[in-house]
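A quick write-up on the structure given underneath.
All of the numbers you see were taken from the coordinates with simple rules; none came from a lab. Note that this is a predicted model, so its numbers are computed, not measured. Cβ placement follows ideal geometry from the backbone for every residue including glycine, while neighbour counts extend to all protein chains displayed.
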């Protein structure tokens with residue numbers, strides 16, 4: 001069974017921002033980052049339940065090479081990608097912290113999460 005994957009605009013912007021940053025570090029690295037993220041999202045379409053729930057019903061997949069996390073939910077046969085953040089831990093709290101605000105039954109927004117992505 002293949003799941004439908006929906007990527008929220010905020011997650012698209014997260015990926016685009018990181019891709020641009022990586023491209024400024026080395027030509028072609030941004031494309032490599034995007035390719036790795038795409039591979040993880042393709043995997044979510046096939047096996048989204050392999051990653052454990054880490055907060056309420058939110059799961060995270062790891063983009064290992066770049067140490068990024070893809071935050072997502074599974075609702076029935078749909079995977080909703082919410083955000084893509086750097087996996088560096090918050091130095092004060094020891095974990096990536098975020099607040100969750102429910103906006104609809106089928107939608108959730110991540111707000112106020114620690115972003116140490118580009119330092």
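Structure values in brief
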read-out: Paramagnetic reach from residue 5 in the stretch 36-51 [backbone N under 11 Å; point 7 Å along Cα→Cβ]; value: 36-48
read-out: The stretch 64-86-the stretch 19-33 distance, computed between alpha-carbon centres (Å); value: 20
read-out: Two-site FRET efficiency, residue 47 against residue 16, from Cβ-Cβ distance with R₀ of 22 Å, rounded to 0.05; value: 0.30
read-out: Translational D in µm²/s for the stretch 1-95 (Stokes-Einstein at 25 °C, 0.890 mPa s, Kirkwood Rh from C-alpha pairs); value: 179
